[in-house]
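The values are calculated or read from the model by the stated rules, or taken from the named source; none is laboratory data. All values reported here derive from a predicted model rather than from experimental measurement. Every residue, glycine among them, receives a Cβ derived from its backbone with ideal geometry; neighbour counts consider all protein chains shown. What goes into the accessible areas is simple: the full protein's heavy atoms, side chains included, and nothing from ligands, DNA or RNA. Shrake-Rupley method; radii C 1.70, N 1.55, O 1.52, S 1.80 Å.
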Amino acid sequence: MIRHLYVHVPFCTHICPYCAFYKMRNTLPEMKSFLPALKQELAWAQKQFDLQLETVFFGGGTPSALSVSQLEFLFEGWSLQEVAEVTMEANPMTISTDKAKLLKDLGFNRVSLGVQAFDEASLRLLGRTHDAAQVEKSMGLLREAGFENINVDLMFALPGQSLEQWQGSLRAALALSPEHISAYNLNYEEDTAFFERLESGLLRIDPEQERTFYLWADECLTEAGFEHYEISNYARPGWAARHNQAIWDGADYLGLGPSACSTLGSLRWKNTPDLGRYAEVLEETGEPPRELEPLSAEMRQRERILLSLRTQRGCDVAGLGGREAQIEQLVMEGLVEREPGRIRLTRQGQLVADTVTEYLL
Ligand code: SF4
């Protein structure tokens, strides 16, 4: 039975220099081949699997780049009304009154706004085309349409970003009263323009900046009443993201769309990250082109530990059989703390989460 579905929509109105996702600019011919192919893949999945969905997440890319008529076409005969949490990632530039209303009517009840920053310099550096006024406007349109669950995505430790700029972005986000804020440290992913600039010495990573900005976000957001429930995620009580929490807990999930990943029991697959081939194969065979990867129970267990340790709930000690000496060492160093049957990262541990996880695994 599958309870969690991810849908990858690989279109963006512009391409950001730090982004490593499979995406392309939204041109009409590509969008025209994508939509029927995605519908075909959904029909295949509905026949193939027992879908009893509790969460659906439309990510990308920028799924909100789809127009009202494209969304209407995609959802002909597919209702999300019974699904508990249905999220759409959205660029503030792409929200209109009609689209916000349609999304609500289609069953979406959560929107994740890709804001990243509120000051001009950071937005320009990140190649974002919106401004703070645009964010406020889209937030207003979403509220008017009845959305009660909105996330604001922010990024920190940007090259040249000052602490004042980061503090300003956090305060501006809080002023909009979202239910959820994600605060991501900028990562330099391979095959991105930022990675090339890092490699050529034009940009550099400042660990002290990362640490200071992380701690400042933690203090500012928890003081404002948010729960810091995962390293990069904060929610007002009761508004944690159910979809992400399920993935961090190691639940099975199905992914639709080019480049989407699925994990079911001992099998993982990735749809071919090539829209042309994805559409062609679906048209010819009715099935998506997939790259299969067998998963051993040990690999899944490692992933579960890795992901759950990033959360406030922490990780089940039973899954760490034989690691008692390592746990004791980490407790002594103040990097993890114990709860009955579980361990979790302390604030200091969160700053070196990857090192702690490596040590434990
Ligand atoms: S960060 Fe988002 S908007 Fe920018 S290119 Fe990547 S998917 Fe598109």
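Of all DSSP beta bridges in the chain, what percent run antiparallel (nearest 5)?
45
Relative contact order (percent) for region 2-248, with alpha-carbon contacts under 8 angstrom and 6 or more residues of separation?
Dividing the mean separation by the residue count of region 2-248 yields 18 percent.
Assuming 1.002 mPa s and 20 °C, estimate D for region 1-120 with Stokes-Einstein, Rh taken as the Kirkwood radius over Cα pairs, in µm²/s.
Stokes-Einstein gives a translational diffusion coefficient of 142 µm²/s.
Over region 298-360, what is the relative contact order in percent, taking alpha-carbon pairs closer than 8 angstrom and at least six residues apart?
Dividing the mean separation by the residue count of region 298-360 yields 34 percent.
Summarise the long-distance tail of P(r) for the chain by giving the % of C-alpha pairs beyond 40 Å.
The share of Cα pairs beyond 40 Å in the chain comes to 13 percent.
How about region 46-97: which chymotrypsin sites (Phe, Trp or Tyr not before Pro) there lie in a loop by DSSP and see at most 12 other Cβ atoms within 10 Å?
Passing sites in region 46-97 are W78.
Leaving out ligands, DNA and RNA, what percent of the accessible area of region 91-245 is carbon and sulfur, probe 1.4 Å?
Percent of accessible area from carbon and sulfur atoms in region 91-245: 47.
P(r) for region 212-309, please, calculated from all Cα pair distances in 5 Å bins and given in %.
Per 5 Å bin, starting at zero, the Cα-Cα P(r) for region 212-309 comes out as 3, 12, 16, 15, 14, 12, 12, 10, 5, 3, 1, 0 percent.
Say each of T346 and R242 gets a label point 7 Å from the Cα, pointing the same way as Cα to Cβ; how far apart are those two points in nm?
3.6
If packing is taken as the average count of other Cβ atoms within 10 Å, what order do 222-231, 274-283 fall into, highest mean first?
The packing order, highest mean first, is 274-283, 222-231.
E136 accessible area, nearest 10 Å², 1.4 Å probe?
About 120 Å², ignoring ligands and nucleic acids.
I'd like the accessible area for K270, computed on protein heavy atoms only with a 1.4 Å probe and all protein chains in place. Round to 10 Å², please.
80
Where does each of M155, M299, M332 land when they are ordered by accessible area, with a 1.4 Å probe and the largest first?
Final ranking, largest accessible area leading: M332, M299, M155.
At 0.36 nm per residue, minus the direct Cα-Cα distance, what do T27 and D249 gain on full extension? Give it in nm, one decimal, please.
Net length gain for the segment: 76.2 nm.
Sort S96, S259 by heavy-atom solvent-accessible area, probe 1.4 angstrom, most to least.
I get S96, S259, largest accessible area first.
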